[in-house]
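Encoded as structure tokens, the structure appears first; notes follow it.
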Amino acid sequence: MASINTGIEWTDRTWNPTTGCNKVSPGCTHCYAEALTKRFPQNFKNGFELTLHENRLEEPTHWRKPSRIFVNSMSDLFHEEVPLEFLKKVFDVMGKTPQHIYQILTKRHQRLVELAPELEWHKNIWMGVSVENQNYVDRVDCLRQVPANVRFLSCEPLLGPLELNLTDIHWVIVGGESGLKHRPIKEEWVRSIREQCQNAEVAFFFKQWGGRTPKAGGRSLDDKIWDEMPEAWEQHRKKWERYSVGGFRRSNKAAMTA
Ligand code: SF4
């Protein structure tokens, strides 16, 4: 699969210069990327093995319309089998397409912090880590060391209560798991994260309650849709809007990985 116009609420499309991954923590148990790979084997000749796709590197240079691009919905860019040279090529493409916002999400926080000084952190790169329960809050400490313009957390699937240090974090996304074997989310966990965000003046985005399907539980919390975005988004949008006939890309639904 090359790029797809995904349905993730906080992004517009995906770009997968690598595909495949392996599981590192409980948030991976029902990995959406793995499920999709199994469902469409004809699109993934190496199955779920980490695969570099040199031929996809230039794709965003052909997308004129400014978009929020989720990098690697089908993999983890900081996977140990992605060479630094390849990562640098991905970062170069992001640098030469400033009309787009790139949203990278990883569970490989140690490799992220190790390689961050070798990479060029263009202003349009947003870097995030996944935090599914309290055992993984050290990922946030690593993220804090990365000089990205926007640092964000994806607490999806949220598997337990979280006490977060939100210093130098700009955005928190929360979501419940979906699928036949989804693990339940509790309202008090979500409210607590919302409160922590409000206290720290961090943008809070509630993606979904989850359930058998992503839409099953809706996405309203206390009768409100929480779609907050980091301040940098509004600034970027204003700057690039005139290049975007018909406004920025907008689409709906799907799950996310990494
Ligand atoms: S893609 Fe993400 S959720 Fe899936 S196995 Fe890799 S790190 Fe885990």
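Quick notes
- Theoretical gain in end-to-end length, K45 to D138 [0.36 nm per residue, Cα-Cα removed]: 30.0 nm
- Counting DSSP beta bridges with both ends in the chain, the antiparallel % (nearest 5): 20
- Per residue, the accessible area of the range 13-243 comes to 46 Å² when a 1.4 Å probe rolls over the protein heavy atoms.
- Most fluctuating residue given options L36, L57, L159, as computed from a GNM of the chain linking Cα atoms under 10 Å: L36
- Projecting the Cα positions of S67, V146, I101 onto the charge dipole of the chain (unit charges on Cβ atoms of Lys, Arg, Asp and Glu, taken about the Cα centre) puts S67 furthest along the positive direction.
- Whole-Å distance, taken between Cα centres, linking the range 152-217 and the range 49-84: 25
- Gaussian network model of the chain, Cα within-10 Å springs - most flexible of T19, T97, T61: T61
- Charges were assigned to the Cβ only: +1 to each Lys and Arg, -1 to each Asp and Glu. The resulting dipole of the chain about its Cα centre is roughly 960 debye.
- For the chain, adding -39500 (n - 2.57) for each run of n ≥ 4 DSSP H residues and dividing by the number of residues yields -6500 deg cm²/dmol at 222 nm.
- Magnitude of the charge dipole, the range 2-82, Cβ model with Lys/Arg +1 and Asp/Glu -1, debye to 20: 320
- Carbon + sulfur, % of accessible area of the range 13-243 - ligands and nucleic acids excluded, 1.4 Å: 48
- Ranking P184, L164, W10 by Cα position along the charge dipole of the chain, where only Lys, Arg, Asp and Glu carry charges on their C-beta atoms, puts W10 farthest toward the positive end.
- The calculated pair-distance distribution of the range 13-69 uses every alpha carbon pair, bins of 10 angstrom beginning at 0, and gives 20, 43, 30, 6 percent.
- For q = 0.11, 0.15, 0.17 Å⁻¹, Debye-computed log10 I/I(0) when each Cα of the range 13-243 counts as one equal scatterer: -0.55, -1.08, -1.39
- Relative contact order (percent, whole number), the range 13-243, Cα cutoff 8 Å, 6+ residue spacing: 14
The values are calculated or read from the model by the stated rules, or taken from the named source; none is laboratory data. Keep in mind that what you see is a predicted model, and the values were worked out from it rather than measured. Cβ coordinates were reconstructed from backbone atoms using ideal geometry, including for glycine residues, and neighbour counts include every protein chain displayed. Only protein heavy atoms, including side chains, enter the accessible area calculation; ligands, DNA and RNA are left aside. Shrake-Rupley method; radii C 1.70, N 1.55, O 1.52, S 1.80 Å.
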